[in-house]
1. Quick one: of the DSSP bridges fully inside the chain, what percent are antiparallel, nearest 5?
2. Please give the residues of region 233-253, grouped as numeric ranges, whose backbone N is less than 17 Å from a label point set 7 Å along the Cα-to-Cβ vector of Gln301.
3. Under the rule a/c < 1.5 gives rounded, and otherwise a/b versus b/c splits prolate from oblate, where does region 259-314 land using the Cα gyration tensor?
4. Let me have the relative contact order for region 230-308, percent, based on Cα pairs under 8 Å that are six or more residues apart.
5. Nearest 5 percent is fine: what portion of the DSSP beta bridges confined to region 129-240 is antiparallel?
6. Tally Lys and Arg at +1 and Asp and Glu at -1 over the other residues with C-beta under 13 Å from the C-beta of Arg65: what net charge comes out?
7. Determine the sum of side-chain charges near Arg121: Lys and Arg each +1, Asp and Glu each -1, restricted to other residues whose C-beta is under 13 angstrom from that of Arg121.
8. Need the full-extension length gain, Arg91 to Met271, defined as separation in residues times 0.36 nm minus the C-alpha distance. One decimal, nm.
Amino acid sequence: MQRSLPSILASLLCLLLAWTPLSAHAQAQQDVDDDASVLVLGRVSDDPKAHYDQLKPLLDYVVPRMASVGIRSGRVLMAKDLQQMGSYLRRGRVDWINETAGNAAVLERRGVAHAFLSSERERATSYHSVFFVRNDSPVRGLQDLAGRSIAFQSPYSTSAYYLPAAKLLEQGLTLEPLLSPMDKASPDMVGYLFARTELNITTWVHKRLVDVGVLSNLDWANPQRMPAAFARDFRIIGRTQEVPRALILARSGLPPAVEARLREVLLEAVMDPEAGEALRRFSGTSRFVPMGDEDRRALEQLGAGVQRVRAEVE
């Protein structure tokens, strides 16, 4: 049945009215994203609420001190994974982030961001990974790991995946995924699993579910992640290079004046009593320090290692 002209016009009007608010909202959101006066702090997060509470105090501290370069407000933008964060940085939707060295190396190699400061936490600005076994294990060094199993933490961990996996590849070893701790590695390969937490790693080694575990040297010394009852039964059989513990990155294309002022504000925060609580909530940061030549070399070497892990292991 043919529709009358008034009926068609009425339908079109309804569609227009329904579309206009959505269009206006989308445009308003885009205007916020494109506003050069808004400083956006980003985070890759699987727990947005908890991480928002960590980030917002520091952002609130920084923004008022950026007025001289045109910053008037700030906001936090979460990404579900590193790929989405890379997209946000590339499109200018995020201006700066705090990341582990492994993820920072990935973002730098993609050309979407660059590290310009290091974060000090628990009096440490750098760390390395340690490989450990039970005292009664026949494994004496990394070359003995063929046919053995190793527990990493997660696919995004610097100290408990990227660093140790790259080290094993450097040693000429080949890694293969295992289905469970009950699975056995091939005789000429190192079988690996992800244990999800540092405490799981230590428990799996202690209970002989896997042959080898890896932790950062800081976690190795932390009794909450390495219980004293376990530590006395373990010994270290190898370690990796030292890398920056956490890094502050700016997106490629951030106006130089904005980046320079951000760098200045963050470096001076340690001397400002008003910054104390914001720093503490920012993952327990005590201060920000400039990246040195050694840090830069370590990050570049780590980037090459991460690229190799992704090409040969994942």
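Read-outs: derived from the displayed coordinates by stated rules, not from any lab. The structure presented is a predicted model; accordingly, all values stated were derived computationally and were not measured. So basically every Cβ, Gly included, is an ideal-geometry build from the backbone, and we count neighbours across all protein chains shown.
1. Details: 27 of 45 bridges.
So the antiparallel bridges amount to about 60 percent of the total.
2. Of the residues in region 233-253, 238-246 have backbone N under 17 Å from the label point off Gln301.
3. On the way: a/c = 3.59, a/b = 2.20, b/c = 1.63.
Note, shape of region 259-314 comes out prolate.
4. Numbers: 28 pairs, mean separation 27.4, N = 79.
Relative contact order, region 230-308: 35 percent.
5. Values: 9 of 18 bridges.
Roughly 50 percent of the beta bridges in region 129-240 run antiparallel, per DSSP.
6. Around Arg65, the surrounding residues sum to -2.
7. Numbers: positive: Arg123, Arg245, Arg280, Arg281, Arg287; negative: Glu120, Glu122, Asp219.
Within the 13 Å Cβ shell, the charges total +2.
8. Numbers: separation 180, 0.36 × 180 = 64.80 nm, distance 3.41 nm.
Full extension of this stretch gives 61.4 nm more.
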